[in-house]
1. What's the extension gain from Asp136 to Glu248 if we count 0.36 nm per residue and subtract their Cα-Cα distance?
2. My understanding is that a pair violates if its Cα-Cα distance is over 25 Å; which of Lys75/Lys225; Lys68/Lys179; Lys8/Lys35; Lys2/Lys68; Lys82/Lys103 do that in this structure?
3. Sort Arg63, Arg154 so the one with the fewest other Cβ atoms within 10 Å of its own Cβ comes first.
4. Between Glu65 and Gln77, what is the label-point separation in nm under the 7 Å Cα-to-beta-carbon projection?
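Any read-out appearing in this document is the output of simple, stated calculations on the displayed coordinates, not a laboratory observation. Bear in mind that the values here come from a model prediction, so they are computed numbers and not experimental data. Heads up, the Cβs are rebuilt from the backbone with ideal geometry, glycines too, and the neighbour counts pull from every protein chain shown.
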Amino acid sequence: MKRYEAIKLIERADTEIPAMVLGISVESAIELLKKDVLPAERMCRAEMDGGNYWDYFLHFVARKEAFKNHPLYSKIQESLDKEELHESVRGYADIEQQEEFMKQLCGGYWAIDICPEEIIPDYRGHGEKAIFSLEDLAKEGVNVRPIKEYGLKRLGQTLKDMNGVIIGINEWIFENPIKADTEIPWKEPNEDYTDPFVAMARQTALNKRNSGKIGADEIIVGLSKGLDIKYVSYILPLGLREESKLMEAINKLE
């Protein structure tokens with residue numbers, strides 16, 4: 001992508017109305033700009049057999065009116081405006097950014113079924129205990145030595161400063177065969193999907209950053225080859241750190 005095109009994606013966050021939104025890390029957004037594709041594959045822990053499997057799914061929140069001519073329309077219960085859509089995926093963006101930081105801190109690997117803040121005692125200031133110990137992380141294959149050296153108290157504050165990025169998706173996405181209530185297939189790393197898009201909708205409650213919850217309908221989309229940038233309407237960094245890092249990468253584009 002050219003520099004001027006990337007800048008337009010940032011500017012359009014103020015004006016464009018998305019069909020769906022997605023919360024990601026700033027590093028993923030930079031990769032999207034460099035390669036014109038947002039990768040979807042992630043190696044996950046398979047609890048049923050103790051092994052690993054590859055997850056090719058991105059989790060979006062839908063704007064109901066954008067789906068008025070789609071079979072999923074009747075299944076999308078919440079009608080959210082743009083601000084509410086953004087609020088609904090802030091938590092996802094936070095976690096994606098935290099996980100990216102933990103991967104970098106721990107030498108490239110993090111157990112993605114463990115939310116980073118769950119290893120911090122009293123993370124939200126209510127006296128709660130950590131859900132996972134460093135010993136639990138070590139059992140998952142995480143290198144915990146850098147965490148010990150960094151310090152849990154310092155790490156907790158660092159994680160609170162992580163905000164991530166929101167991606168707005170345009171209505172070009174509907175040129176793909178997004179199906180309603182499709183069974184999610186289980187795929188190995190070298191396998192592909194018959195259809196480029198499969199999806200299901202489910203009702204979920206996503207935490208707001210500071211208070212309460214907002215109901216939102218999550219669209220889970222299978223993308224074995226990633227999300228093409230032509231479906232991206234805008235990119236919205238959620239913090240000064242993310243904005244600075246994103247603009248630094250954009251300024252290096254031609």
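1. Working: separation 112, 0.36 × 112 = 40.32 nm, distance 3.65 nm.
Taking Asp136 through Glu248 to full extension adds about 36.7 nm, to one decimal.
2. Details: Lys75/Lys225 27 Å; Lys68/Lys179 14 Å; Lys8/Lys35 17 Å; Lys2/Lys68 34 Å; Lys82/Lys103 31 Å.
In this structure, Lys75/Lys225; Lys2/Lys68; Lys82/Lys103 lie more than 25 Å apart at Cα.
3. On the way: Arg63 24, Arg154 9.
Least to most surrounded, the residues fall as Arg154, Arg63.
4. 2.2 nm
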